[in-house]
Every structure is written in structure tokens, then in C-alpha cells.
Amino acid sequence: MKLSTKGRYGMRAMLALARRYGEGPIPLKEVAKTESLSEAYLEQLVSELRKAGLVRSVRGAQGGYLLAKKPAVITAGDIIRVLEGPIGPVQCVVDLPDTEICDCAESCVERLLWQRLRDSMAQVLDSITLADLMAEEKKLSPISDTGDREC
């Protein structure tokens, strides 16, 4: 499974909101600037994340976006599933009701491999929260004297 820019940029945007959790709404323009991302593209991603209940929007002069849940509750898997769809390396092991499975599925040893890979990816993505990533980030990139991340 190769993640598109939707998943990667969406994760960056969610981490930016998580870093400022509890400080009130953050204008999308600010997130776009600090993360060096297109504001127009972020609007599309945040719209999907809002519909899924992961972010909230606040209108007005002091408006913007904020996480709808605590960073310790939102997993990487939550974000990736919203933006990329179901987790699975090949279509025949994606957990959707309308997934077409070939006639050989019951005796296909390759499908066993793809199922294990899907389960491993899901386990990793579902075991890491935004709070976990922020804790790791503190270890990797110290905060400068100005309060900015150095990388």
C-alpha cells in the first residue's frame, strides 16, 4: 500500500492541529504555511476529516479548525482510512461488503500473504495515536529558542 499525498498531508495537518490542541481554532492558512502545504488542497482534506468527525470548524474572525477529539484518541489508522480508504495491499483483502473476490480465494496462498500484510499494517496504524507521534517528535526534533521546530 503506497500512501498518496492525501494521507501524508492529512497526517501532517492533523499533527499540526494536535500540537496546538487546547489553544482554540487554528486558521487553515496558518497550518498551510507552517507545514508548507497548499491551502486549497488542505481545505479538501480537512473537509473529509470534518465529515468523519475528526476535526471541527469554527466560523468567524477567530475561527479555524481544531481536533474534535483528544490527540490520545485519534489514531493514524483513523486518519488514513478517512483519506485513503480501507487498508489493504490488494483489492481481494479489503474489508468492504462489495469487494469482489476471485473464484480461487479459498485456496489462494497469495491471499493469505495479503491478509497478513493488511492485518499488520492495520495493527501498526491503529496502535499509534497523534499523542504518540508528538511524543516521538519531541525526542527527534528539539524545540528551538523561538519555540519553533528545528526541522
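We did not get these values from a lab; they are worked out from the coordinates using the rules stated. Every value quoted in this text rests on a predicted model; they were computed, and no experiment measured them. A quick note on method: Cβ atoms are made from the backbone with ideal geometry, for glycine too, and the neighbour counts reach across all protein chains shown.
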Item to check | Residue-averaged 222 nm ellipticity for the chain, from DSSP H runs of 4+ at -39500 (n - 2.57), nearest 500 | outcome: -15500 deg cm²/dmol
Checklist entry - Assigning unit charges at the beta carbon (Lys, Arg +1; Asp, Glu -1) and nothing else, what dipole magnitude in debye, to the nearest 20, does region 1-67 show about its Cα centre? => result 160 debye
Next on the checklist: Based on DSSP loop calls and a cut-off of at most 15 other Cβ atoms within 10 Å, the longest stretch of the chain free of exposed GluC sites (Glu not before Pro) is what?
Outcome noted: 24-99
Item to check | Farthest positive-ward along region 5-140 dipole, Cα basis, beta-carbon charges - from GLY77, MET11, GLN123 | outcome: MET11
Next on the checklist: Stokes-Einstein diffusion coefficient for region 23-99 at 4 °C in a medium of 1.567 mPa s, Rh from the Kirkwood formula over Cα pairs: what value in µm²/s?
Outcome noted: 92 µm²/s
Checklist outcome for this item: Note on region 5-140: contact order normalised by length, alpha-carbon pairs under 8 Å, 6 or more apart, percent, works out to 27 percent
Next on the checklist: Taking amide H atoms as placed 1.01 Å from N in the peptide plane, list the residues 5 or more away in sequence, or in a different chain, whose amide H sits under 5 Å from that of VAL55.
Outcome noted: ARG50, ALA68
Checklist entry - By counting other Cβ atoms within 10 Å of each Cβ, how are MET11, MET134 ranked from fewest to most? => result MET134, MET11
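Under unit Cβ charges (Lys, Arg +1; Asp, Glu -1), what dipole magnitude, rounded to 20 debye, does region 5-140 have relative to its Cα centre?
Working: 19 positive and 19 negative charges, 170 e Å.
So the magnitude is around 820 debye.
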